1. Here is a list: R271, R329, R334. Which entry is in the same structural domain as R397 (by TED's automatic domain parsing), in a strand (DSSP E or B) and touching an Asp or Glu at 6+ places or on another chain (Cβ under 9 Å)?
2. Counting just the residues of the range 26-36 that are under 14 Å from L165 (Cβ atoms) and surrounded by 15 or more Cβ atoms within 10 Å (Cβ to Cβ), which one comes out modelled with the highest pLDDT?
3. Can you tell me which residue is nearest to L264 (Cα to Cα) among those in the range 368-397 that are touching a residue at least 40 places away in the same chain (Cβ under 8 Å) and among the basic types (K, R)?
4. Just the residues that are under 30 Å from L296 (Cβ atoms) and either modelled with pLDDT of 80 or more or more than 52 Å from the chain's Cα centre (by Cα) (or both), please, taken from the range 223-266.
5. Restricting the search to the range 285-328, which residues are within 36 Å of the chain's Cα centre (by Cα), closer than 13 Å to G398 by Cα and not aliphatic (A, V, I, L, M)?
6. I'd like the full set of residues that are buried (at least 18 other Cβ atoms within 10 Å of the Cβ) and within 60 Å of the chain's Cα centre (by Cα), limited to the range 97-138.
7. Out of (1) exposed (fewer than 13 other Cβ atoms within 10 Å of the Cβ); (2) within 18 Å of L375 (Cα to Cα), the odd one out for L247 is which?
Amino acid sequence: MTNHKVTQNTRTLSRILLVVIVAMPLVLLVSSLRTLRELEEQKTVYLRSRVAILAGRLENLPAGAGETAVFEALSAEEPSLADLEVIGRESAAAGHPALQAIWEGRELYRMETVSSPDGPLFRAWVPFHSRAGLCVARIDLDAHAADFLVVHARHNVIAASLGSLAVVLLALYSLWAARQAARLRLRQLEMEHLAHIGKMAAVLAHEIRNPLGTIKGFAQLARERAGAAEQALLNPILDETRRLENLVNDLLLYGRPPAPSLRLAQWEETRAPLEAHAREMIGARDVRFRADPAALAWETDPHLLRQALLNLLRNAVEAAGETPGGEVRLELRREPKHGLTVAVADNGPGIPDSTAARLFEPFFTTKAFGTGLGLPITRRLVQSLGGELTLHAAVPRGTEALLRFPNAKPR
């Protein structure tokens, strides 16, 4: 129930943070774009007002003033003025036929943005009354003259975008941290649960071992005194008793791992018994076994080392037996970075991706029979000897188990 609550709370928090992460940048982006669009419209309004002021000044200029004098007079008041042309009615038809709509009163003015070598220009065709009669002025203003209206807004948009990015990154980090914390909490609860199960199993196994030994002893004695027919009935009892005995030993070993008794041990005193056990496990299977001899010795507990390697060899033989021409290898390698490495490899079907992450989880097994404690026990034994156990895919196929002892000093 507690695990479910932790998972549910994590999912709820994740959804809230995701909504915030997605919604906040979108709202800010839409608001910023709308603000910039409105300011661009204000630029046009500002330039249009400057054009209207210049057109009003043209009405008050003397009739005989030339365009150069008019331009100099207006540019002194309007620094953004780039060019000026005054068009009379008599020259409009020949040089500017497009202004006919303005002359006829069908258009009050005409405005557009044009390109020039010096940059964009805001061009306006504006009619005005002078002392010489009705005229049309082509007024070109520097389009950048109105940028002061938006430059601060652009800076604010950039600052707001960076702030939004910081908030998004903070939200993503908070989401990741919350998920990690929930995952660690869930893992801690699982490990506490498994620890309680392991302790309870060790106590029950200890209580079961004595009556189980009694059952096994009397069954063996009865088989020795029974006839052939009775022996056939007693053999299953002994087989199941041995299986229960192995189960009890596994539970005891997982719940109370033994302390290692380190001494200088030769590799050959470990390799030879393992080779005998491996060939016994292979039996009539089409599996080849190879164990490399090596004249090396190091400080270890040979009994615990043999027990750990025996579990791995059992798995390797079972995997190799599923493939025609199976092979199991036991190798001892001396590596500069990892001290000593003992490898158990097979050419079986390998480890499925769906179970790779749960290989060392107690009580997890894909076999029809078994406790799922083989690999967890093996890892504990290797760790008690100062080593590390890892499993990975072998080349070209199969599985390779590596027992690395970085602090080993072989002789």
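The values are calculated or read from the model by the stated rules, or taken from the named source; none is laboratory data. In this text, all values refer to a predicted model and were calculated from it rather than measured experimentally. Here the Cβ positions follow ideal geometry from the backbone for every residue, glycine too, while neighbour counts run over all protein chains shown.
1. Being in the same structural domain as R397 (by TED's automatic domain parsing), in a strand (DSSP E or B) and touching an Asp or Glu at 6+ places or on another chain (Cβ under 9 Å) holds for just one of R271, R329, R334, which is R329.
2. S32
3. Filtering first and then ranking leaves R380.
4. Scanning the range 223-266 gives A259, P260, S261, L262, R263, L264, A265, Q266.
5. Passing the criteria: N315, E318, E322, T323.
6. L121, F122, R123, A124
7. Failed condition: (1).
Every residue, every condition in (1) touching a residue at least 12 places away in the same chain (Cβ under 8 Å); (2) closer than 16 Å to E388 by Cβ; (3) touching a Phe, Trp or Tyr at 6+ places or on another chain (Cβ under 8 Å), yes or no:
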| position | (1), (2), (3) |
| --- | --- |
| N315 | yes, no, no |
| E322 | yes, no, no |
| G325 | yes, no, no |
| E331 | yes, no, no |
| P336 | no, no, no |
| T341 | yes, yes, yes |
| A345 | yes, no, no |
| G350 | yes, no, no |
| S354 | no, no, no |
